[in-house]
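Each value in this text was obtained by applying a stated rule to the coordinates, not by laboratory testing. As the structure is a computational prediction, the values presented were derived from the model and not from experiment. Ideal geometry is used to build each Cβ from the backbone, glycine not excepted, and the neighbour counts take in all protein chains shown.
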Ligand code: IPM
Ligand code: MG
């Protein structure tokens, strides 16, 4: 197979973790006789510095013309501490999601047997956890009407959803549930919010199309609690944009390191694959960041190309690196930490 993949390294540790994923993908391509044409493009603070736009038109053209996008991280502290900044790196990410139509963000949470004692949660609570969030990604309060009134003394953001937006996300959720344990949880705040009532009503109406799927409806505050109490109670969860943003950070703690969890953002055609961690600016350029979330995101990409064996080969070699302790400082025993680039080299060599 010949694959054209847009490569958006972005900010902070982005370039370092992306470089390791490229090594691993190239090793997969060599082993299984594929050809990957990498198409690097600018995004985030790096793109603001170069051309004044965090998601330039040229980058969009490269992404839209590719089979998939592999993405590092976005964000820079010099913007976080400046509420008056006119352009922010994060706007690039939001614009990219919107322009590429990436409405479904798939964020799995699972545990690694060799790391279970690294989780701040007790072993007996998290053993066997294997759940996946489908977060709506191009609607809700992230993209609703916002502004200031009253000479700037009042601010508002609005959460708007259409039935169609809920349906297309929920459909992906039902389909995923059918392939897994046929359990779906719709997370909302229907006791308070009108948009949540639309979610609930829409999902309820879809249940008849998937009679085998067991659907539960839970309020987001209760899910926030149960997620760390009994993560095993969940399998596929669907939710709106902001709830999903918050809950998936919370869920990442279960696995023991944020440096491990991959994600995919899907639309009608193209997919974008990225680690769920951010740009971790304190570690940028130090060759210490954990590249595994990015490498595992590449595995999700191979899955979506239908290259299941290739994806599994990546997951297998990642598991071996964890079991053998070839890991970065966030996971290593004292004095045994490997550099980001060493982990990447090891994975590519042992694949
Ligand atoms: C995420 C991030 C982004 C979001 C930020 C960087 C805009 O937190 O992908 O979860 O809020 O969606
Ligand atoms: Mg987030």
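Considering the alpha-carbon set of the range 1-69 alone, what are its Rg and its Dmax in angstrom?
Looking at the range 1-69, its Cα Rg and Dmax stand at 12.9, 40 Å.
Can you pull a Stokes-Einstein diffusion coefficient for the range 60-204 at 4 °C (1.567 mPa s), Rh from Kirkwood over Cα pairs, as a whole number of µm²/s?
Translational D for this selection: 70 µm²/s.
Could you give me the radius of gyration and the Dmax of the chain, taking only the C-alpha atoms into account and expressing both in angstrom?
20.0, 63
Computed over the Cα atoms of the range 119-256, what is the convex hull's projected area averaged over all directions, in nm²?
9.3 nm²
Once you compute Rg and the Kirkwood Rh from C-alpha atoms, what is the Rg to Rh ratio for the range 1-115?
1.02
Using 7 Å Cα-to-Cβ label points, what is the residue 31/residue 316 separation (nm, one decimal)?
0.7 nm
What length, rounded to one decimal in nm, is gained on full extension from residue 85 through to residue 155, with 0.36 nm per residue of separation minus their alpha-carbon distance?
Result: 23.5 nm gained on full extension.
Bin width 5 Å, alpha-carbon pairs only: give the P(r) of the range 214-306 as whole percents, running from 0 to the bin holding the largest distance.
Going from the shortest bin to the longest, the percentages are 3, 11, 19, 20, 19, 16, 9, 3, 1, 0.
Quick one: among 171, 125, 148, which has the greatest mean-square fluctuation in a GNM of the chain with alpha-carbon springs under 10 angstrom?
Looking only at 171, 125, 148, the largest GNM fluctuation is found for 148.
Find the relative contact order for the chain and round it to a whole percent, using C-alpha pairs within less than 8 Å whose residues are 6+ positions apart.
The normalised contact order for the chain reaches 23 percent.
Under a GNM of the chain (C-alpha, springs under 10 Å), which listed residue has the highest mean-square fluctuation: 300, 178, 261?
Judging by the Gaussian network model, the answer is 178.
Please work out whether the range 268-335 counts as rounded, prolate or oblate from its C-alpha gyration tensor, where a ≥ b ≥ c are the square roots of the eigenvalues and a/c under 1.5 means rounded, while otherwise a/b larger than b/c means prolate and anything else oblate?
Oblate shape, in that a/c is at least 1.5 and b/c is the bigger or equal ratio.
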